[in-house]
1. Looking only at region 301-326, which residues are within 16 Å of the ligand (Cβ to nearest atom) and in contact with a Leu (Cβ under 9 Å, 6 or more places away or on another chain)?
2. Looking at the structure I just gave you, is D222 more than 14 Å from the chain's Cα centre (by Cα), charged (D, E, K, R) and within 16 Å of the ligand (Cβ to nearest atom)?
3. When you go through I58, I12, I5 one by one, which is the residue that is at pLDDT 95 or above and crowded, with 17+ Cβ neighbours inside 10 Å?
4. Does E262 fit the bill of being touching a residue at least 40 places away in the same chain (Cβ under 8 Å) and either surrounded by 20 or more Cβ atoms within 10 Å (Cβ to Cβ) or touching a Phe, Trp or Tyr at 6+ places or on another chain (Cβ under 7 Å) (or both)?
5. Given the residues G134, G198, which is the only one that is closer than 28 Å to R337 by Cβ and at pLDDT 95 or above?
6. Kindly evaluate S86 against the criterion of being within 16 Å of the ligand (Cβ to nearest atom) and of a type in the set (S, T, N, Q).
7. For region 249-262, which residues satisfy the criterion of being more than 18 Å from G196 (Cβ to Cβ) and either in contact with a Ser or Thr (Cβ under 6 Å, 6 or more places away or on another chain) or of a type in the set (G, A, S) (or both)?
8. Considering only residues that are part of a strand (DSSP E or B) and acidic (D, E), which ones fall in region 63-85?
Amino acid sequence: MSMQITTTHSAIPTDDARLAEILSNPGFGTHFTDHMFTVEWTPAEGWHDARITPYGPITLDPAAAVLHYAQEIFEGMKAYRHPDGSVWAFRPEANAERMVRSSGRLALPELEVEDFVQAVTELTRVDERWVPDGEGEKSLYLRPFMFASEKFLGVRPAEHVTFMVIASPAGAYFKGGVKPVDLWLSEDYTRAGRGGMGAAKTGGNYASSLVAQQEAYAQGCDQVVFLDAQEGRYVEELGGMNMYFVYDDGSIVTPETGTILEGITRASIIELAGKMGHPVTERRFAIEEWQEGVASGRITEVFACGTAAVVTPVGALKTAHGDTPAPAGAELTMKIRQALVDVQFGRAEDTFGWMRRIV
Ligand SMILES: *Cc1c(COP(=O)(O)O)cnc(C)c1O
């Protein structure tokens, strides 16, 4: 523990009755805990003034660089309450390491892995009562983010940067049971090109995906799937989830292009599925392989994964030139999903050493 954090407790914390009401049906991303973490950076001082304060709006100069040039990165992770009441994070160092990589791409200062982990740990401890019980896959979603807070309209890396963590209780992603998501193939838009920001977790990638997502909704689909920018042929990922294809011989393929965002869920599934006897190959995966594989029955399952939904079966693929129906099943998909959530919620032994105790 290296940062000196000062903590100012909220004078008006959410009362027990209201908190119970929120935690009974938290939804996603609408309710926030009583506190937040902040630390600031300048070239002269480095990271300084780490603090936990009551949650609330922040003051930003209208000339703050992030508002104009989108120099921003973020992370998404969860804290889980186990049956014995303890609270655990899932691979927080992996999020910290990814944020270091993202900061490199966005010319933001590096926040050390141990400082990142300390920030999410301390905030979760202060707001522990906001961690729902694990019943029904509820958790506390943690959102670390870093942005250019310097008041300056010149185009160069900011010399005043802010890193914050906020937390929000999250309900089950799927209400009323897991159900397959139908995908719309985006052929007009791409999310990342060679040398671009695709591998960084940055708001700009989401901004550029929204219009394609809107198109997906208009087509009656739940999510959009993007192809590589260069050839328009290789499957990349959804707006915020990585993809997996299961073959009838039990083998699994996940796309690798150099421009996808490497999910921690994706990486964990590679290890988990391998151990379950289903080797995962990372390679370029052409859209025709998907269409032909489902048609021939060689591809038996398709799924997407990310922190929010964990694992979700993929149904039909809709394109401007015709549709590919949902693959035959989702048996292995659901087995992998169960194995992962059982580790996260402390119902299965953590043989990979992924969980870090917070409380
Ligand atoms: C965050 C994210 C994912 C999933 O990553 P996880 O670490 O598994 O949550 C996938 N794709 C994009 C574009 C993302 O931003």
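The values are calculated or read from the model by the stated rules, or taken from the named source; none is laboratory data. Keep in mind it's a predicted model, so treat the numbers as computed, not measured. Here the Cβ positions follow ideal geometry from the backbone for every residue, glycine too, while neighbour counts run over all protein chains shown.
1. V302, F303, A304, C305, G306, V310, V311, V314
2. When the stated conditions are applied, D222 passes them.
3. I5
4. No; evaluated as a whole, the condition is false for this residue.
5. The match here is G198.
6. Judged against the criteria, S86 is not a match.
7. G250, S251, V253, listed by residue number.
8. Across region 63-85, the qualifying residue is only E72.
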